[in-house]
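**Student:** Let me begin by handing over the structure; questions about it come next.
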Amino acid sequence: MWANEEWRGGLYPPHGSQGDRLPDYARVFSTVEGNTTFYSGTPRADTVAAWARQAPADFRFCFKLPGALTHERRLTGIEADVDDFLAALSPLHDRLGPVMIQLPRDFGLEELPRLEALLERWPASIPASVEVRHPEFFHKGNAEAALNRLLITHGVDRVMLDVRPLFATPAGDDARLARAQSEKPKRPLHVISTAQQPVVRFIGHFDATINEARFTPWVDRLCLWIKQGKTPFLFVHTPDNRQAPALARACHDRLAARLALTPLAPFPGERQASLF
């Protein structure tokens, strides 16, 4: 997301407008996980045009396929709607990162032919990624082998949801942690790149030491993928997402130390505060 009011005074200036959110976000980060389309569906033409004006050329939007298509209709009879959705995003052109196809928790092997039908007609010019949540795709058995084979065949990346930090401690009396743990599926982490743009969703904890420890193996893996010529996408969450920008910066700093990356720009809200 980028429209988070709780990031005022940090990532965003304390008195900025909603219209400044995306430009301010894009001054710091180079990609965004676009949850808005999962809940709201196909965006309006004027909305997409505004996004195109506000984001720089090297910025990448990774929108999610609408939940109405993945969760309500379960990929059945959605061909025209998918075409309309992708056509609506066309003004963004090469600023589209992998479009995420997030599947329901009970979408298993028996329904895999529906995913195959979708990927067979997916445009080659638009990258895609798939996030599965059914337990049978995490047992390293026939179901997971069939899924990975399908993704490799179509050049589609499997989204890796890393919830280890989130579930590192019991929630106890912390309502925010309890809510986050109830919303995210507790699945094993299987690290695999089935195409050229691996997608990692790192779900952090409130405890910075836990996040640092769980992110350490990712530093080596992300560096390896980059050296192999791949373009990984890393998205960072925290239980209530208030600390997500700071955690993303900390993760980037660790990668930058290994890869000589350009440091992230100061957060606009922090920069403005420093002037006073």
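The values are calculated or read from the model by the stated rules, or taken from the named source; none is laboratory data. In this text, all values refer to a predicted model and were calculated from it rather than measured experimentally. Positions of Cβ are backbone-derived with ideal geometry, glycine not excepted, and every protein chain shown enters the neighbour counts. In case anyone asks, the SASA skips ligands and DNA or RNA and just uses the protein heavy atoms, side chains included. Shrake-Rupley method; radii C 1.70, N 1.55, O 1.52, S 1.80 Å.
**Student:** What residues qualify as long-range amide H neighbours of Gly34, i.e. H under 5 Å apart, gap of 5 or more or another chain, H built at 1.01 Å from N?
**Tutor:** Counting only residues 5 or more places away or on other chains, the set is Cys62, Phe63, Lys64.
**Student:** Report, ordered by chain and residue number, the lysines lying within cross-link reach of Lys186, taken as a straight Cα distance under 27 Å and ignoring same-chain residues fewer than 8 apart.
**Tutor:** In chain and number order, the partners are Lys64, Lys140.
**Student:** Consider just the alpha-carbon atoms of segment 39-188 and return their Rg together with their Dmax, both in angstrom.
**Tutor:** 17.0, 48
**Student:** Whole number please: convex hull volume per residue, Cα atoms of segment 160-276, in Å³. Please list the in-between numbers first.
**Tutor:** Values: hull volume 14.2 nm³, N = 117.
Cα convex hull per residue, to the nearest whole number: 122 Å³.
**Student:** Can you give me the distance in nm between label points at Ala52 and Thr231, each placed 7 Å from the Cα along the Cα-to-Cβ direction?
**Tutor:** Label-label distance for Ala52 and Thr231, simple model: 1.8 nm.
**Student:** Pop out the ³J(HN,Hα) list for segment 26-42 in order, Karplus 6.51 cos²θ - 1.76 cosθ + 1.60 with θ = phi - 60°, rounded to Hz; leave Gly and Pro as x.
**Tutor:** Each residue's phi maps through the Karplus curve to give 6, 6, 10, 9, 9, 7, 9, 8, x, 6, 4, 6, 5, 8, 9, x, 4 Hz.
**Student:** Starting from the 7 Å offset along Cα-to-Cβ, what nm value, one decimal, do you get for the label separation of Asp84 and Glu136?
**Tutor:** It works out to 3.2 nm between the two label points.
**Student:** Divide by every residue of the chain the summed helix terms, -39500 (n - 2.57) for each DSSP H run of at least 4, and state the resulting mean residue ellipticity at 222 nm, rounded to the nearest 500 deg cm²/dmol.
**Tutor:** Values: 10 runs with 107 residues, N = 276.
Result for the chain: -11500 deg cm²/dmol, rounded to the nearest 500.
**Student:** I want to check the label-to-label distance for Phe167 and Arg27. Put each point 7 Å from Cα in the C-beta direction and report it in nm to one decimal.
**Tutor:** With each label point 7 Å from Cα toward Cβ, the separation is 4.0 nm.
**Student:** Mind jotting down the distance between the C-alpha centroids of segment 64-117 and segment 188-241, whole Å?
**Tutor:** The distance from the Cα centre of segment 188-241 to that of segment 64-117 comes to 23 Å.
**Student:** Now, a different point. With a ≥ b ≥ c taken as the square roots of the eigenvalues of the C-alpha gyration tensor of segment 199-265, please select rounded if a/c is under 1.5 and otherwise prolate if a/b is larger than b/c or oblate if it is not? Provide the component values of the computation, followed by the final result.
**Tutor:** On the way: a/c = 1.83, a/b = 1.64, b/c = 1.11.
Note, shape of segment 199-265 comes out prolate.
**Student:** Still on this structure, I have one more. Assign unit charges at the C-beta atoms only (+1 for Lys and Arg, -1 for Asp and Glu), then state the dipole size of the chain relative to its Cα centre in Debye, rounded to the nearest 20. Before the final figure, lay out each step's value.
**Tutor:** Details: 33 positive and 32 negative charges, 121 e Å.
Using only the charged Cβ atoms, the result is roughly 580 debye.
**Student:** Ordering His205, His15, His93, His154 from largest to smallest accessible area (1.4 angstrom probe), what's the sequence? All intermediate terms of the calculation are to be shown ahead of the outcome.
**Tutor:** Values: His205 20, His15 170, His93 130, His154 60 Å².
In descending accessible area the options line up as His15, His93, His154, His205.
**Student:** Quick one: 3J(HN,Hα) in Hz for segment 91-108, Karplus 6.51/-1.76/1.60 with θ = phi - 60°, rounded, Gly and Pro as x.
**Tutor:** These are the phi-based 3J(HN,Hα) values: x, 7, 6, 7, 8, 8, x, x, 6, 8, 9, 8, 9, x, 5, 9, 8, x Hz.
**Student:** Tell me the net charge near Thr194. Cut-off is 13 Å between Cβ atoms, Thr194 excluded, with +1 for each Lys or Arg and -1 for each Asp or Glu.
**Tutor:** Details: positive: Arg149, Arg158, Lys230; negative: Glu131, Glu144, Asp157.
Around Thr194, the charge tally is 0.
**Student:** Mind checking Rg over Rh on the chain, alpha carbons, Kirkwood formula for Rh? Write out the running numbers ahead of the final one.
**Tutor:** Details: Rg = 18.6 Å, Rh = 19.6 Å.
Ratio of gyration radius to Kirkwood radius: 0.95.
**Student:** Indicate the gyration tensor shape class of segment 92-181 (rounded, prolate or oblate), computed on the Cα atoms with a ≥ b ≥ c the square roots of the eigenvalues: a/c under 1.5 is rounded; otherwise a/b larger than b/c is prolate and the rest oblate. Intermediate results must be reported in sequence, preceding the final value.
**Tutor:** Numbers: a/c = 2.71, a/b = 1.55, b/c = 1.75.
It comes out oblate by the Cα gyration axes.
**Student:** Expressed as a whole number of Å, what is the distance separating the alpha-carbon centroids of segment 34-50 and segment 142-169?
**Tutor:** 26 Å
**Student:** Going by the alpha-carbon gyration tensor, a ≥ b ≥ c the square roots of its eigenvalues, is segment 60-109 rounded (a/c under 1.5) or, if a/c is not under 1.5, prolate (a/b greater than b/c) versus oblate? Working shown, then result.
**Tutor:** Values: a/c = 3.20, a/b = 1.66, b/c = 1.93.
The shape class here is oblate.
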